[in-house]
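Encoded as structure tokens, the structure appears first; notes follow it.
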Amino acid sequence: MATFDLMVIGSGSGGYVAALRAAQLGAAVALVEERELGGVCLNRGCIPTKAVLESARVLGALKRAEQFGLKSADVEVDYPAVIARKEKVVARLRRGLAALLKGARVEVVGGHAKILDAHTIEVTERDSTRKIEGKNIVVATGSEPARPRVFPFDGSRVITSDDALGLTELPESVLIVGGGYIGCEFASMWSELGSKVTLVEMLPALLPQADQDVSKEMQRVLMRKRVKVHVGTKIERMTTTPGGVTAELGEGRSVEAAIALVAVGRKLNGDLAGLKELGVQLQGDAIGVDEFGRTNVEGVYAVGDVTGKCLLAHYASEQGVVAAEHLFGGSPEPIDERAVPSCVFTIPEIASVGLSEAEARRKLTDVRVGRFDMTALGKASASGETTGFVKVIGDGNDTVVGVHMVGHEVTSMIAEAVLAVRMKLKMNDIVHTIHAHPTMPEAFHEAALDFFARAIHKL
């Protein structure tokens, strides 16, 4: 029986990156995966949703072709073809990941893992079982859609985001429960493609963790897309009917739709067989770890969603790097929790880093804000993408503590702001950095100027 330096359970964004970084550092690595390589992000999350959203974005652009002096025939949505393209994108990236792992000599083991002790894992696939041994374990079992019992999930009429990505026909009407990033992305995508969408959020605003200005802007955007938005609204009862679903909202109100997508959070997969028996400390469903990913059991680490720290793929990947480097001597640097970007791939996009304005005013003194609207930006006007804004937040020392963006391609623009927050740059550092013209990032420059009431292109 081969003995590995590291055994990784789960091949999602945290697991496969931990495996590859450990292999770079000379470790012999086994990677155990019971489903498809790439985990949730590649197969049921980040990548497939963005592939379908890109089809929706292109459709939106075609609908506006005459605004650019172009004449085109009516465009029809071929939803099975949209989904087929999504599957091709996922399959290509999955093959690429398999090639990376093979090239790094990471041994991929298919099957369901059970931890027998701190150095032994039992892997079961169909009717066969094998044991693998190693010096260290990284648990990267991720998360899955939450399924509250109040909703009658059946996989066809009442569905999760996993089920939604498997639909082969565009639903005529959709009720989306949950106004977080998943709910807003699907609302944006399906409404653009032609579905009638109703979005219900129990809290007073969409994207409850976002800056208030971002939440308000996204609600306006979705309502302009004819999405019916109900905030501060609880679904009291949901039933399935031969024609779809009916949800009772209280006060005699109800919503009917062909399907209901329930997107009210994620369940952490911390119930891996053998963890409790090993004595690994759990905090609810989350595996407790320190800044390097170590659990309370020697040689056992955890990364990604299952740690409950931050349910984002890029955060999981960085956790994987930190854990691998802590194990095998790569001089790890713990994650700077202040500088983790958050992106929502609606149309238009949302990107944020650092403190919201409300958080800054609670925690800091002498908070100031700068803001620049995309309507005044040359590149945005030329591109026909004038919805949104950039908002910067600074403290009493003019240090950048938060940046929030809504607009075209802002998920790519946010990287500069992440660096600014991480390096504790001053607003003047942004002001004195020349931004190319005409580009979308000029909005960040103008917002920093507005922090000092000096924006050039703002009345």
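The values are calculated or read from the model by the stated rules, or taken from the named source; none is laboratory data. Only a predicted model underlies this, so the values are computations on that prediction, with no experimental measurement involved. As a convention, Cβ positions derive from the backbone with ideal geometry for all residues, glycine included, and neighbour counts pool all protein chains shown.
A compact table of results
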read-out: Selection status of GLU169, in a loop (DSSP other than H, G, I, E, B), in contact with a Phe, Trp or Tyr (Cβ under 7 Å, 6 or more places away or on another chain) and either of a type outside the set (Lys, Arg) or within 19 Å of HIS408 (Cα to Cα) (or both); value: yes
read-out: Residue within the range 154-165 that is surrounded by 19 or more Cβ atoms within 10 Å (Cβ to Cβ), over 24 Å from CYS46 (Cβ atoms) and over 29 Å from the mean Cα position of the chain (by Cα) present; value: no
read-out: Test: residue in the range 380-389 that is within 24 Å of ILE335 (Cβ to Cβ), within 21 Å of the chain's Cα centre (by Cα) and either surrounded by fewer than 24 Cβ atoms within 10 Å (Cβ to Cβ) or touching a residue at least 40 places away in the same chain (Cβ under 8 Å) (or both); value: no
read-out: Yes/no for ALA99 being over 30 Å from SER352 (Cα atoms), of a type outside the set (Val, Ile, Thr) and either buried (at least 18 other Cβ atoms within 10 Å of the Cβ) or free of Cβ contacts under 8 Å to residues at least 12 places away in the same chain (or both); value: yes
read-out: Residue satisfying condition, being surrounded by fewer than 15 Cβ atoms within 10 Å (Cβ to Cβ) and without any contact (Cβ under 8 Å) to a residue 60 or more places away in the chain, within set LEU93, LEU70; value: LEU70
read-out: Identity of the residue in the range 25-46, small (Gly, Ala, Ser) and over 11 Å from GLY15 (Cα atoms), that ends up surrounded by the fewest Cβ atoms within 10 Å (Cβ to Cβ); value: GLY26
read-out: Residue under evaluation GLU291, criteria (1) under 28 Å from GLY166 (Cβ atoms); (2) in the same structural domain as GLN319 (by TED's automatic domain parsing); (3) at pLDDT 95 or above, criterion not met; value: (1)
read-out: Single match in VAL82, VAL52, VAL75, VAL32 (criterion: touching a Gly at 6+ places or on another chain (Cβ under 8 Å) and of a type in the set (Val, Ile, Thr)); value: VAL32
read-out: Flag if GLY270 is under 23 Å from GLU122 (Cβ atoms), in contact with a helix residue (DSSP H, G or I) (Cβ under 9 Å, 6 or more places away or on another chain) and not in a strand (DSSP E or B); value: yes
read-out: Where a residue in the range 17-46 is basic (Lys, Arg) and its partner, wherever it lies, is assigned to a helix (DSSP H, G or I), with Cβ under 8 Å and at least six apart; value: ARG21/GLY320; ARG21/VAL321; ARG21/ALA324; ARG21/GLU325; ARG35/ASN43; ARG44/SER161; ARG44/ASP162
